[in-house]
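Quick notes on the structure that follows.
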Amino acid sequence: MRIPSEKTAIVLIEPQNDFLTPGGTMYQYIADQLAERDVINNLVKLLDGARGKTKIIYIPFQAFKPGFPELKVGGPGTEGLRGIEMDMKADWGTGAWLEGTPGPEIIEPLTPKEGDIIVRGKLTLDAFHSTALNYLLRANEIEYVAFVGFHTNWCVESSARSAYDNGYRVIVVADCTATDTEREQKYAEEVIFPRIGKVMNSDEFLAALT
């Protein structure tokens, strides 16, 4: 497979402290998989190898004010995954993605570099839903979208499905993603992603860029 670099973007979903740093609200759940799969180092290698060839787009989750006043108490925005996150404990407070805390900040090893694009406004699982991602991909004449980041079977999967539905060629760079358990990771890699695109590792992806 050959991937034309000028028509390709890497979309990095939620490389933030709440997921990836000890003391973050969700770190305890994903820590083992991050270590076993060496995901952070794989991501650094991927971004360093692709930067200057392809567009690199960061999609962090949008910060909430403490107490989540942006969401109606008892409303649909406080149910499901978001409701669970609101009650999670971090070293810096209660609740994920709290404005003014380290939680929403991008981790130091993955700090964006000159030329990288940061897309704000992600408030749902799907990175397309409440952001300018689709516009930026179209405006840059992107055809291939390579997804990396967290969690594999939540935001990465939701965003990859949306990219497929929007007519992009989807790639998931599997060793640059992680989720809470090996079982969930394998199911996404082996069952879901092959039906909407290609599954590659970081070495394969970089070798395929032309």
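Before moving on, here are some points about what is shown:
- Pick from the range 1-46, criterion among the acidic types (Asp, Glu) and more than 14 Å from Asn201 (Cα to Cα), ranking: surrounded by the fewest Cβ atoms within 10 Å (Cβ to Cβ): Glu36
The rows are residues; the columns are (1) among the charged types (D, E, K, R); (2) modelled with pLDDT of 95 or more; (3) over 23 Å from Asn17 (Cα atoms); (4) touching a Cys at 6+ places or on another chain (Cβ under 6 Å).
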| position | (1), (2), (3), (4) |
| --- | --- |
| Glu143 | yes, yes, yes, no |
| Ser159 | no, yes, no, no |
| Tyr164 | no, yes, yes, no |
| Gly167 | no, yes, yes, no |
| Val170 | no, yes, yes, no |
| Val173 | no, yes, no, no |
| Cys176 | no, yes, no, no |
| Asn201 | no, yes, yes, no |
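- Checklist (1) farther than 21 Å from Phe147 by Cβ; (2) under 15 Å from the mean Cα position of the chain (by Cα); (3) not aromatic (Phe, Trp, Tyr) applied to Ile107, failing item: (1)
- Check on Ala90, farther than 19 Å from Thr177 by Cβ and either under 14 Å from the mean Cα position of the chain (by Cα) or not aromatic (Phe, Trp, Tyr) (or both): yes
- Contact map, the range 39-68: first residue free of Cβ contacts under 8 Å to residues at least 60 places away in the same chain, second residue outside any loop (DSSP other than H, G, I, E, B), Cβ cut-off under 6 Å, separation 6 or more or different chains; pairs are Pro66/Leu98; Phe68/Met86.
- Listed by position, the helices (runs of 4 or more DSSP H) inside the range 1-86 whose residues that are closer than 21 Å to Pro102 by Cα and under 13 Å from the mean Cα position of the chain (by Cα) number at least 3 are 17-20, 39-50.
- Selection from the range 173-191 of residues that are among the hydrophobic types (A, V, I, L, M, F, W, C) and touching a Ser or Thr at 6+ places or on another chain (Cβ under 9 Å): Val173, Ala174, Cys176, Ala178, Ala188
- Against the list (1) modelled with pLDDT under 95; (2) in contact with a Cys (Cβ under 9 Å, 6 or more places away or on another chain), the condition Gly93 fails is (2).
- Hits in the range 87-110 - residues which are in a loop (DSSP other than H, G, I, E, B) and of a type in the set (Gly, Ala, Ser): Gly95, Ala96, Gly100, Gly103
- Scanning the range 153-203 for residues that are free of Cβ contacts under 8 Å to residues at least 12 places away in the same chain and of a type outside the set (Val, Ile, Thr) gives Asp165, Gly167, Arg183, Lys186, Glu190, Pro194, Arg195, Asp203.
- Residue tally, condition surrounded by 13 or more Cβ atoms within 10 Å (Cβ to Cβ) and among the small types (Gly, Ala, Ser), over the range 61-109: 8
The values are calculated or read from the model by the stated rules, or taken from the named source; none is laboratory data. Predicted model, so just to flag it, every value in this text is computed and none were measured. Note that each Cβ is placed from the backbone with ideal geometry, even for glycine, and that neighbours are counted across all protein chains shown.
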